[in-house]
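The values are calculated or read from the model by the stated rules, or taken from the named source; none is laboratory data. Please read all numbers here as calculations on a predicted model, not as lab measurements. Here Cβ is always computed from backbone atoms with ideal geometry, including for glycine, and neighbour counts include all displayed protein chains. Areas reflect the complete protein model, heavy atoms only, side chains present, ligands, DNA and RNA absent. Shrake-Rupley method; radii C 1.70, N 1.55, O 1.52, S 1.80 Å.
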Amino acid sequence: MTMRMTRRELVQRGAAGATILSLPGLLAACGGGGGGGATGGTSDSVRFANWQLYIDIDEKTKKSPTLQQFTKQTGIPVEYFEEINSNDEYFGKIQGPLSKGDSIDREIIVMTDNSRYPGVLIEEDWVLALDREKIPNFDNLIDVQKSPPFDPDRTYSMPWQSGMTGIAYNEKLTSKPITSMEQILTDPALKGKVTLLNEMADTVGLVMQLNGDDPAEVTDDSFDAATSPIQEAVDNGQIRQFTGNDYTGPLAKGDLIACVAWSGDLVQLQADNPSLKWVVPDDGAMIWTDNMLIPLGGDVEKASTFMNFVYDPAIAAQIAAYVNYVTPVKGAKEVLVKTDPELANNQLIFPNDATLAKVKQFNSEALNNQDYIEKWQSVSGA
């Protein structure tokens, strides 16, 4: 294990302003190739677009053991691109070519189910069906993930990791714990020192629970009741900005007192800075899943082969030990119990029923409500 660079170390480097491992030249094996047209294409490699700091890295080689093992086992190189910072931004980049039936030169992209984009991609026929014959490890998918509203039969998607959205804060910079969205939105001591996530489901969902409303059952009234105090907090300078994955640097450096944050990031940041805390807000947190999809022009056979590989429990445990998000693969916890019992019992990575009782999913129909989308874009400045 001494050869492994942890995700914590990469978060720390990013917080310090160093160049992080985000380019294909650093993580990719040799390969590449042309994409196809409006259907599946062929490629010499698996070109995988993912979020930052979301796969295991070896400290000595600066490469991913998972990607190297996949190439060794299958002979298929991987080009890995850490190019996703938020769902909105990434969809904005790929929407144009996909709408024309063009390839985006990726076999796999990762989009979050608490955004509307996995459903949009499927409805527009901008993603391709998985080759389930190449994915016998599909049986290792945990039951709760087998039938999401946007893809009930998992025809087009497989989960990468899941996580929770709650509140992070630096206890050294505040006189009391920050455990409520009411504090985030109204506490004068936090003015200009807090950020919200730019994903509608994350931020609006938390405020809905503050109001006593259920984000799984969104109405016009409950949506407006949630966005109104957010808009007020933006207008009076309480909220510094809306962020994607990029809140980690300011939080780690003490430039933020608190923020709406994703659970896995804080598991790693806390290892270097125990003063950073992540909590399920008093009124409840949100839960979400990042999903692998094959965009137009992607090589379905190679993409499906890769998905099968990462659903091996040993490989899934290896990834989970690094990224510290919730793995969707049965058997991964049992592997980690043998190698890292403390990690296997972390509620942010393997939440128990008591933790899961405090989290909600955002209503899938609301994600596609154009009125809500426009209102949220106005509030968040998207």
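A value for Cα extents along the principal axes in Å was derived from the coordinates, and within the list [x] 65, 56, 38; [y] 63, 50, 39; [z] 57, 47, 38 it appears as [z]. Relative to the current alpha-carbon distance between Ala357 and Asp220, full extension at 0.36 nm per residue lengthens the span by 46.8 nm.
Dividing the summed helix terms, -39500 (n - 2.57) for each DSSP H run of n ≥ 4, by the number of residues in the chain produces a 222 nm estimate of -10500 deg cm²/dmol to the nearest 500.
Distance between the C-alpha centers of the range 325-382 and the range 63-138? Whole Å please. With the range 325-382 and the range 63-138 each reduced to a Cα centre, they are spaced 19 Å. In summary, the aspartates and glutamates within cross-link reach of Lys62, defined as a Cα separation below 13 angstrom excluding same-chain residues under 8 places away, comprise Glu9.
At the listed q of 0.16, 0.18, 0.25 Å⁻¹, the Debye profile of the range 200-292, built from one uniform point per Cα, gives log10 I(q)/I(0) equal to -0.76, -0.94, -1.36.
Go through Arg154, Arg132, Arg116 and list them by solvent-accessible area, largest first, probe radius 1.4 Å.
Accessible-area ranking of Arg154, Arg132, Arg116, largest first: Arg132, Arg116, Arg154.
With q set to 0.17 Å⁻¹, the log10 of I(q)/I(0) for the range 60-128, from the Debye formula over equal scatterers at the Cα positions, is -0.75.
Per 0.36 nm of contour for each residue apart, how much would the distance between Asn236 and Asp58 grow if the chain were fully extended, relative to their Cα-Cα spacing? Spell out each step's value before the answer.
On the way: separation 178, 0.36 × 178 = 64.08 nm, distance 4.52 nm.
Value of the extension gain: 59.6 nm.
When the chain is treated as a GNM with alpha-carbon contacts under 10 Å, the residue of Val267, Val127, Val218 showing the greatest mean-square fluctuation is Val218.
Given a 1.4 angstrom probe, I'd like the percentage of the accessible area of the chain that is carbon and sulfur, rounded to a whole number. After summing per-atom areas, the C and S share lands at 47 percent. The overall shape of the range 90-213, judged from the alpha-carbon gyration tensor, is prolate: a/c is not under 1.5, and a/b is greater than b/c. Solvent-accessible area of Thr66, all protein chains in place: 0 Å² (probe radius 1.4 Å, heavy atoms, ligands and nucleic acids excluded).
Would you please give the FRET efficiency between Gln95 and Asp371, computed as 1/(1 + (r/R0)^6) with r the Cβ-Cβ distance and R0 = 22 Å, to the nearest 0.05? Don't jump to the answer; show the numbers that get you there.
On the way: r = 20 Å, r/R0 = 0.91.
Here the calculated transfer efficiency is 0.65.
Where a ≥ b ≥ c are the square roots of the eigenvalues of the C-alpha gyration tensor, would you call the range 273-382 rounded, which needs a/c under 1.5, or, failing that, prolate if a/b is larger than b/c, or oblate? Taking the square roots of the gyration eigenvalues as a ≥ b ≥ c, the range 273-382 is oblate.
Over the chain, give the accessible area per residue in Å² for a 1.4 Å probe, as an integer. Before the final figure, lay out each step's value.
Numbers: 15220 Å² over 382 residues.
So the chain comes to 40 Å² accessible per residue, rounded to a whole number.
Between Lys302, Lys60, Lys134, the residue with the greatest mean-square fluctuation in the GNM of the chain (Cα pairs under 10 Å linked by springs) is Lys60. Build a GNM of the chain with springs between Cα atoms under 10 Å apart, and of Asp290, Asp202, Asp102 the one that fluctuates most is Asp102.
If a/c stays under 1.5 just call it rounded; otherwise compare a/b with b/c (prolate if a/b is bigger, oblate if not). Do that for the range 285-335, with a ≥ b ≥ c from the square roots of the Cα gyration tensor eigenvalues. Judged from the Cα gyration tensor, the range 285-335 comes out oblate (a/c at least 1.5, b/c at or above a/b). Working from Cα pairs under 8 Å separated by at least six residues, relative contact order for the range 120-253 is 22 percent. Each Lys or Arg adds one and each Asp or Glu subtracts one; over the other residues with Cβ under 14 Å from the Cβ of Asp44, this totals -2. With contacts taken as Cα pairs under 8 Å at a separation of at least 6 residues, the chain carries a relative contact order of 26 percent.
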